[in-house]
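Contents: one structure, followed by commentary.
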Amino acid sequence: MIRILEDQYFALETAHTTYAFRILPTGQPEHLYYGDRIHLEDKDDFAPLIEKHTFAPGNSNIYDAAHPEYSLEDMRLEMSSCGKGDIRDPFVEITHADGSATSDFVFESAQKTRGKEAYATLPGSYGSEDEVEHLCVTLKDAQYAQILELHYYVYPACDVICRSSRLINQSEEPVTLKRLMSLQIDSDRPGYVMTSFHGAWAREMQRDDVYLTSGRHVVSSVTGTTSNRANSFVMLHPSQTNEDQGDSYGFHLIYSGNHYEAAEINSYGKLRFLSGINPQGFAFRLQPGEVFEAPEAVMTYSPHGFNGMSQHLHRFIREHIVRGVWKHKTRPVLLNSWEASYFDISESKLLKLARAGKEVGIELFVMDDGWFGKRNDDHTSLGDWDPNPEKLPGGLKHLADQIHALGLQFGIWVEPEMVNEQSDLYRAHPDWVMQIPGRPHSEGRNQRILDLANPAVVEFIVEKMTEVFSCADINYVKWDMNRIFSDVYSPYLPAERQGEVAHRYVLGFYECIRRLTEAFPEILFEGCASGGNRFDLGMLCYFPQIWASDDTDALCRATIQTGYSYGYPMSVVSAHVSACPNHQTLRTAPLETRFDVAAFGVMGYECNLCDMKKEDLAAVKAQIALYKEWREVLQWGDFYRGRSFMTMPVNGLACAGTGPVGSDLGNLTEWTCVSQDRSKAVGFLMQQLAVPNAQFHTYFAKGLMADRKYHLYNRELKYDIRSFGSLVNTVSPVHLKEDSLMMNVVARFVKMDGESESVTAYGDTLMKGGVHLKAAFGGTGYNSEVRYFPDFASRLYFLESTE
């Protein structure tokens, strides 16, 4: 609930948290508290939270002569600006018509309402009057005619508070907005760590922890997208916080463009955290009467470690970000043609692959890149969205009808924001491309970016994609974007408005996908941008799932998916089983490991089933059947992290065996996904590298009912004798030479039995004591009581309540 006392004191309460601020005597909103829920029933209850100022610090500027005790540099504020003594990173920065950059926003009014209205230009969270309360604090510049609105949206059931801001130019002259943040929190608590998630193409979401001491630490993107270099989700926490204990604050930004998250410790030990649009290269001209909306930011707090914080965000994203037909709809198991065929596709090849998919239980067949124009490689035809008559002589409809006749759904790949110079679209409209006229252009992936700041381009994309999506019974669309911005310039905008290009591009993009998702509500849209280059809550307001990474290597994906799980539910993370050697790393991981990792996301396959061995096809068929049996738990259950490869990073990789024997530091990844009613769970344990003579591992479940008994068991698998190499000769009655015809023949009929686990125990025992698993192979013998657990091996464990 939102409590306003004397129009000066504000307490925002969720089920378990309190956020509090007041209005200073000088008129600025002073941040007081954000954390565990506390009692703030009347004005006097706020007194212990208020800093006591008598004299301003030396060598600082006081706000005004009437208040010599206040220097804004030494205050905890809800927003900040330039010119009035606060020399920290500002919340808002404006260049006025007279050239001044000073702003002086002070309190004017506050109003609370129920429910949440949609933004005029941007996506945002949503909720009914029973689910969300709204507080609008209006500030007015004391010298200039600008209004700044601070908006707070309280979602009590999710323990989430959202913030946004809005600037209104009420002057008679234009102003230039240099920055407008979405969220600011100031704190006087020392010893915090800022955790962010960085990487590159094919290695997204690598966790990075920075201990904040002094100065400013910035996480940002200037790629035109959220970027795989630095995701817009970050955490703040004391250094002692772990997965299940300690304070943890999580912050999201509902935006798909250049973002900025900064944590700054000033000379007085105060921490300022800001989140919003990246001010680098940003300059937005506001005419008299015009309004600028900042994106919505999301924040949550938990005293129960990173898992507690993640649970808040997972529930919030599922209920108040993802929307539409697919919000709670079970996602199908798909087969994507890309790694099976790349650009070399034809109707007959695609149908052959689809038939193979149908045989193993695939539900959705997706035709990836290469179906349109003269698209035989990545140098040509983006923008020419008409089917290639040589590859698809009957067009999209004929292929879709044949796929549906097999009993499968049908999906396609598109990249509507891009164009190749070798295309009819570029030849007809070179002025529709983001490039500086008459200057050389720095290109990415042999393609250019359409200028979505131009309304005519937006209209073209909507009309052309409407034509494509309407021409056949299309059930799924993968929307890709395979390059980042360069030479940022819109031929549509005048020179003095080029600082608006990056943001206007995002607004144009949102306009495209809003109209298309509204026109085709039954289509399952999946976002993609060279994998995870645009993975954010803005995308999830329109597309219910996003391709997490072009890297399908199981070892890499375990780390990538762990990274995403801190801020995103696994129901929005798309993951595929692919061929080995892996196409991104050339690593070979067991087929079962590839499945186990992918099963914890929205699972699909991306390999050539037509070339697969019969025994591998049988394994895939069994995997899909098992996934369908447990899909509701895996897609919609509560996800918990245990140990992780991220524990001990060494040059970007975990270092196996560097801890004491049995410690498993950095060498194991452990997940548990628990059904909403806590009656079922799926556990996951994966090893990076086998450690010699270290046979024992323990799986620790999470999220179970402590006083309920569960039966834990695993899949009973059999293993190829060739995996043991010449060791098989220690038990074989005849000598088997490795890679010989004889060994290959024997391998068809003789398999090595895997271990069987079966334990019934109370939930608290399984969580606190763990399940001590059967010993792994340690070089001294093997039978059905020994766990086959080499490099990159994994296990799934299934838990069912016995009550």
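One residue stands out among those in the stretch 223-242 that are among the hydroxyl-bearing types (Ser, Thr, Tyr) and open to solvent by less than 10 Å² (accessible area, probe 1.4 Å): the one that is nearest to Arg557 (Cα to Cα), which is Ser227.
Farther than 30 Å from Asp677 by Cβ and out of contact with any Pro (no Cβ under 7 Å at 6 or more places or on another chain), is that true of Arg748? Criteria met by Arg748. Of the residues making up the stretch 294-338, those that are among the polar types (S, T, N, Q) and either part of a helix (DSSP H, G or I) or open to solvent by less than 10 Å² (accessible area, probe 1.4 Å) (or both) are Thr300, Ser302, Asn307, Ser310, Gln311, Asn336, Ser337. Of the strands (runs of 3 or more DSSP E) entirely within the stretch 132-222, none holds at least 3 residues that are without any contact (Cβ under 8 Å) to a residue 12 or more places away in the chain and surrounded by 19 or more Cβ atoms within 10 Å (Cβ to Cβ). Taken over the stretch 24-42, the criterion of being part of a strand (DSSP E or B), under 30 Å from Ala142 (Cα atoms) and either among the acidic types (Asp, Glu) or in contact with a Pro (Cβ under 6 Å, 6 or more places away or on another chain) (or both) is satisfied by Glu30 alone.
The residues of the stretch 442-480 that are charged (D, E, K, R) and buried (at least 20 other Cβ atoms within 10 Å of the Cβ), listed by number, are Arg448, Asp451, Lys478, Asp480. With respect to (1) under 18 Å from Cys673 (Cα atoms); (2) polar (S, T, N, Q); (3) open to solvent by 10 Å² or more (accessible area, probe 1.4 Å), the lone exception for Thr588 is condition (1).
The combined condition, being buried (at least 16 other Cβ atoms within 10 Å of the Cβ), in a helix (DSSP H, G or I) and under 38 Å from the mean Cα position of the chain (by Cα), is not fulfilled by Phe10.
Out of the residues in the stretch 434-490 that are part of a strand (DSSP E or B) and charged (D, E, K, R), which is nearest to Ser574 (Cα to Cα)? The residue in question is Lys478.
For Leu24, the requirement of being touching a His at 6+ places or on another chain (Cβ under 7 Å), open to solvent by less than 10 Å² (accessible area, probe 1.4 Å) and not charged (D, E, K, R) is not met.
For the stretch 208-218, check the following and say yes or no: at least one residue is in contact with a helix residue (DSSP H, G or I) (Cβ under 9 Å, 6 or more places away or on another chain) and farther than 28 Å from Ile449 by Cβ. No, that holds for no residue.
Among all positions in the stretch 46-63, there is no residue which is within 27 Å of Asn169 (Cα to Cα) and basic (Lys, Arg).
Against the conditions (1) part of a helix (DSSP H, G or I); (2) open to solvent by less than 10 Å² (accessible area, probe 1.4 Å); (3) touching a Gly at 6+ places or on another chain (Cβ under 7 Å), Ala400 satisfies every one except (3). What are the residues in the stretch 13-50 that are acidic (Asp, Glu) and within 30 Å of the chain's Cα centre (by Cα), if any? Listed by number, the residues that qualify are Glu13, Asp36. For first residues located in the stretch 62-90 and of a type in the set (A, V, I, L, M, F, W, C), partners that are part of a loop (DSSP other than H, G, I, E, B) and open to solvent by 40 Å² or more (accessible area, probe 1.4 Å) and lie 6+ apart or on another chain with Cβ distances below 7 Å form the pairs Ile62/Pro68; Leu72/Lys84; Cys82/Ala101; Cys82/Thr102.
Checked against the criterion of being of a type outside the set (Lys, Arg) and surrounded by 21 or more Cβ atoms within 10 Å (Cβ to Cβ), the candidates Gly438, Gly499, Gly411 yield just one match: Gly411. For the stretch 181-232, filtering for residues that are more than 27 Å from Phe282 (Cα to Cα), of a type in the set (Gly, Ala, Ser) and over 17 Å from the mean Cα position of the chain (by Cα) leaves 2. Please enumerate the residues belonging to the stretch 632-660 that are modelled with pLDDT of 50 or more, in contact with a helix residue (DSSP H, G or I) (Cβ under 9 Å, 6 or more places away or on another chain) and not in a loop (DSSP other than H, G, I, E, B). Answer for the stretch 632-660, where residues must be modelled with pLDDT of 50 or more, in contact with a helix residue (DSSP H, G or I) (Cβ under 9 Å, 6 or more places away or on another chain) and not in a loop (DSSP other than H, G, I, E, B): Leu634, Gln635, Trp636, Asp638, Phe639, Tyr640, Arg641, Phe645, Met646.
Condition check: among the polar types (S, T, N, Q), closer than 27 Å to Asn420 by Cα, open to solvent by less than 10 Å² (accessible area, probe 1.4 Å) and within 11 Å of the chain's Cα centre (by Cα). Does Ser549 satisfy that? The answer is yes for Ser549. Restricting the search to strands (runs of 3 or more DSSP E) fully inside the stretch 668-770 and requiring at least 3 residues that are open to solvent by 10 Å² or more (accessible area, probe 1.4 Å) gives 709-714, 718-720, 751-753, 758-762. Filtering Phe251, Phe316, Phe306 for residues that are more than 30 Å from Cys580 (Cβ to Cβ), in contact with a helix residue (DSSP H, G or I) (Cβ under 6 Å, 6 or more places away or on another chain) and of a type outside the set (D, E, K, R) leaves a single hit, Phe316. Being in contact with a strand residue (DSSP E or B) (Cβ under 7 Å, 6 or more places away or on another chain) and of a type in the set (Phe, Trp, Tyr) is the filter here, so list the residues in the stretch 567-612 that pass it. Result: Phe595, Phe600, Tyr605. Residue count for the stretch 167-193 under the criterion of being aliphatic (A, V, I, L, M) and modelled with pLDDT under 95: the result is 0.
The residue list Glu421, Glu363, Glu390 contains one member that is without any contact (Cβ under 8 Å) to a residue 60 or more places away in the chain, within 30 Å of Val501 (Cβ to Cβ), surrounded by fewer than 21 Cβ atoms within 10 Å (Cβ to Cβ) and not basic (Lys, Arg), which is Glu421. There is at least one residue in the stretch 87-104 that is among the basic types (Lys, Arg), open to solvent by less than 60 Å² (accessible area, probe 1.4 Å) and within 33 Å of the chain's Cα centre (by Cα). Of all residues in the stretch 261-282, count the ones that are of a type outside the set (Val, Ile, Thr), farther than 29 Å from Ala56 by Cβ and either open to solvent by 30 Å² or more (accessible area, probe 1.4 Å) or assigned to a strand (DSSP E or B) (or both). Count: 3.
Only one entry in Asp384, Asp431 is at pLDDT 95 or above, assigned to a loop (DSSP other than H, G, I, E, B) and among the charged types (D, E, K, R), namely Asp384.
Is it the case that Lys358 is open to solvent by 30 Å² or more (accessible area, probe 1.4 Å) and touching a residue at least 40 places away in the same chain (Cβ under 8 Å)? Here the answer is yes, as Lys358 does meet what is asked.
The values are calculated or read from the model by the stated rules, or taken from the named source; none is laboratory data. Note that the structure is predicted; figures quoted are calculated from it, not measured. Cβ sites come from the backbone with ideal geometry, for glycine too, and all protein chains shown count toward neighbours. The area values use the complete protein model at the heavy-atom level, side chains included, leaving out ligands, DNA and RNA. Shrake-Rupley method; radii C 1.70, N 1.55, O 1.52, S 1.80 Å.
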